[in-house]
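Here's the structure, in structure tokens; my notes come after.
The values are calculated or read from the model by the stated rules, or taken from the named source; none is laboratory data. Because the structure is predicted, anything quoted here is derived from the model rather than measured. We place every Cβ from the backbone using ideal geometry, glycine too, and count neighbours over all the protein chains shown.
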Amino acid sequence: MTRSRKYGDAGQAFPIYITVVAGLLFLAFAYLAVGQAAVNRNGAQTAADAAALAAAQNARDQLAGKWVEDVLDPTKWQGDFDGKVPIEPSCWRAEQLAARNDAQASCSSPDPLTYVVNAQTNKTVGDSVVPGTANIRSKASAKAVIEPLCTFELPAEDADGGALPRLTCKDNTSWDLDPDDLTDLPGPEDLFDVHLAD
């Protein structure tokens, strides 16, 4: 007596069904691993961006403070705007912000108005079906620059020695500074812009 062909076909299809399901599960876990890696990479980039901006903003605030100290001596203004004045190191702020984002950072300042940060997450990508990812930590880098926003012209030598130059800043905002009344001075955000750069 021969077996019904109907049942024979069903028996042959079952291993194929199992193989297809297993393949789909593997793909799902692989996509999950890619997603985990992407989330971790985004965390590293967020940490690097925040750290670089924090270091640059700290330096900007110090440069603005130096300008306030030098406000009665316009010959020193350009040095303040170019960052060519002594200020305290600012990379500690990068390390602080990276730690708040659960990462570690190394920071450098290739010139007075630029901060470069390399960050690495403390968390690993984690276990997945992709071999070798369990101990991988994501890395990212960011660069923040401080951009002076104001220009000025020094007065002629025969001009009134007490007069201060007009400070022309972004969006044509002008500051006519009175040496006898320095209560209304531009703030750090008026004098400098801080932004990420490629």
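Overview of results
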| item | result |
| --- | --- |
| Filter pass, Asp82 being more than 27 Å from Gly43 (Cα to Cα), at pLDDT 90 or above, out of contact with any His (no Cβ under 8 Å at 6 or more places or on another chain) and surrounded by fewer than 20 Cβ atoms within 10 Å (Cβ to Cβ) | yes |
| Residue in segment 121-140 that is modelled with the lowest pLDDT, counting only those that are among the small types (Gly, Ala, Ser) and surrounded by 16 or more Cβ atoms within 10 Å (Cβ to Cβ) | Ser128 |
| Condition check for Glu95: over 13 Å from the mean Cα position of the chain (by Cα) and not hydroxyl-bearing (Ser, Thr, Tyr) | no |
| Positions within segment 148-172 being at pLDDT 90 or above, closer than 28 Å to Gln57 by Cβ and either not hydrophobic (A, V, I, L, M, F, W, C) or not in a strand (DSSP E or B) (or both), in sequence order | Pro148, Leu149, Cys150, Thr151, Phe152, Leu164, Pro165, Arg166, Thr168 |
| Positions within segment 180-194 being surrounded by 11 or more Cβ atoms within 10 Å (Cβ to Cβ) and either on the phi > 0 side of the Ramachandran plot or at pLDDT 90 or above (or both), in sequence order | Leu185, Pro186, Pro188, Glu189, Asp190, Leu191, Phe192, Asp193, Val194 |
| Residues of segment 91-115 satisfying the condition of being in contact with a Cys (Cβ under 8 Å, 6 or more places away or on another chain) and either buried (at least 16 other Cβ atoms within 10 Å of the Cβ) or part of a loop (DSSP other than H, G, I, E, B) (or both) | Cys91, Ala94, Glu95, Cys107, Ser109, Tyr115 |
| Residue in segment 61-68 that is surrounded by fewer than 22 Cβ atoms within 10 Å (Cβ to Cβ), of a type outside the set (Val, Ile, Thr), out of contact with any helix residue (DSSP H, G or I) (no Cβ under 7 Å at 6 or more places or on another chain) and farther than 30 Å from Ile136 by Cα present | yes |
| Inter-residue pairs, beta-carbon under 7 Å, first under 19 Å from Asp82 (Cβ atoms) and in segment 176-189, second surrounded by 14 or more Cβ atoms within 10 Å (Cβ to Cβ) and aromatic (Phe, Trp, Tyr), 6+ apart | Pro186/Trp175 |
| Selection within segment 60-82 - in a helix (DSSP H, G or I), out of contact with any Lys or Arg (no Cβ under 9 Å at 6 or more places or on another chain) and among the hydrophobic types (A, V, I, L, M, F, W, C) | Leu63, Ala64, Val68, Trp77, Phe81 |
| Cβ-Cβ under 8 Å pairs, at least 6 apart or on other chains, segment 103-123 side closer than 26 Å to Ala64 by Cβ, far side surrounded by 15 or more Cβ atoms within 10 Å (Cβ to Cβ) and among the basic types (Lys, Arg) | Thr114/Lys143; Tyr115/Lys143; Val116/Lys143; Val117/Lys143 |
